[in-house]
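*Asks:* Structure provided below as structure tokens; questions to follow.
Read-outs throughout are calculated quantities, based only on the coordinates presented, and are distinct from any laboratory measurement. Since this is a predicted model, take the numbers as computed values, not measurements. Here the Cβ is made from the backbone with ideal geometry for all residues, glycine too, and neighbour counts use every protein chain on show.
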Amino acid sequence: MAAVSPESYELAGQKGMHILASPQITPIPMVRDCYERYGKALAEAGFDPAEFAVPQSRQVYCHADAERAREDPRDSVMWYQRLNAERMSSKSGSAKSYELYARAQERLSRTEYEEYLSSGALLARTPSGLIDEIAHLRDEIGLNYLLCVTDFVGLDTDTTIKSLKLFAEEVIPILNESEHMVSTR
């Protein structure tokens with residue numbers, strides 16, 4: 001089940017459903033709170049929270065040069081986020097439950113690239129930087145399953161493949177070591 005609002009995390013937990021979360025610019029403390037609500041609801045419904053993934057879908061770009069890692073996906077990320085904000089359905093929903101979408105739409109429409117980087121919504125770093133950032137997410141929210149969005153509109157195929165190869169060769173093996181464990185199920 002897609003989980004966006006705190007209530008949707010709770011509902012998924014009450015029903016024993018696995019979740020997919022893709023917070024764009026949600027502050028880490030709010031993300032942590034949502035996962036805590038999810039775990040509590042799972043436990044209260046008789047499920048073992050340890051049997052459920054703590055997943056995040058994040059845009060990931062890897063480059064050996066820190067400046068290139070930071071700048072290469074800029075135009076693509078901003079195009080995607082502006083389109084995402086434009087297409088949110090807050091105008092069609094008048095119910096109180098749609099207020100979250102209206103706030104998210106407004107915030108996405110004014111968020112700058114640097115905030116995507118600093119919030120962890122965009123993981124665009126060198127291999128060591130990605131290892132550190134993913135470990136930070138593991139420590140802060142319990143992340144144990146990372147879904148990587150690696151297609152950046154406007155980046156040529158060779159650049160994208162180089163990013164994927166670098167991630168596969170220098171990041172994944174480290175994450176699979178016990179001290180940095182992120183599930184690759």
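*Asks:* Run down Phe52, Phe47 and say which single residue is aromatic (Phe, Trp, Tyr), surrounded by 15 or more Cβ atoms within 10 Å (Cβ to Cβ) and over 30 Å from Pro127 (Cβ atoms).
*Replies:* Phe47 is the lone residue from the list that is aromatic (Phe, Trp, Tyr), surrounded by 15 or more Cβ atoms within 10 Å (Cβ to Cβ) and over 30 Å from Pro127 (Cβ atoms).
*Asks:* How do the pairs read when you match residues in region 49-72 that are without any contact (Cβ under 8 Å) to a residue 60 or more places away in the chain with residues anywhere that are of a type in the set (Gly, Ala, Ser), using Cβ under 7 Å and keeping only pairs 6 or more apart or on different chains?
*Replies:* Going by the 7 Å Cβ cut-off, the qualifying pairs are Pro49/Gly39; Pro49/Ala43; Arg70/Ala124.
*Asks:* Filter region 119-141 for residues that are farther than 11 Å from Ile28 by Cβ, assigned to a helix (DSSP H, G or I) and not basic (Lys, Arg) and give the result.
*Replies:* In the first step, residues of region 119-141 are kept if they are farther than 11 Å from Ile28 by Cβ; the result is 122-135, 138.
With assigned to a helix (DSSP H, G or I) added as a condition, the list becomes 127-135, 138.
Matches in region 119-141: Pro127, Ser128, Gly129, Leu130, Ile131, Asp132, Glu133, Ile134, Ala135.
*Asks:* Residue pairs, Cβ under 9 Å, 6 or more apart or interchain, first in region 161-177 and in contact (Cβ under 8 Å) with a residue 24 or more places away in the chain, second part of a helix (DSSP H, G or I) and among the polar types (S, T, N, Q). List them.
*Replies:* Pairs found: Glu170/Ser128; Val171/Ser128; Ile174/Ser128.
*Asks:* Within region 26-44, restricting attention to residues that are surrounded by fewer than 19 Cβ atoms within 10 Å (Cβ to Cβ), part of a helix (DSSP H, G or I) and not small (Gly, Ala, Ser), which residue is farthest from the chain's Cα centre (by Cα)?
*Replies:* Glu44
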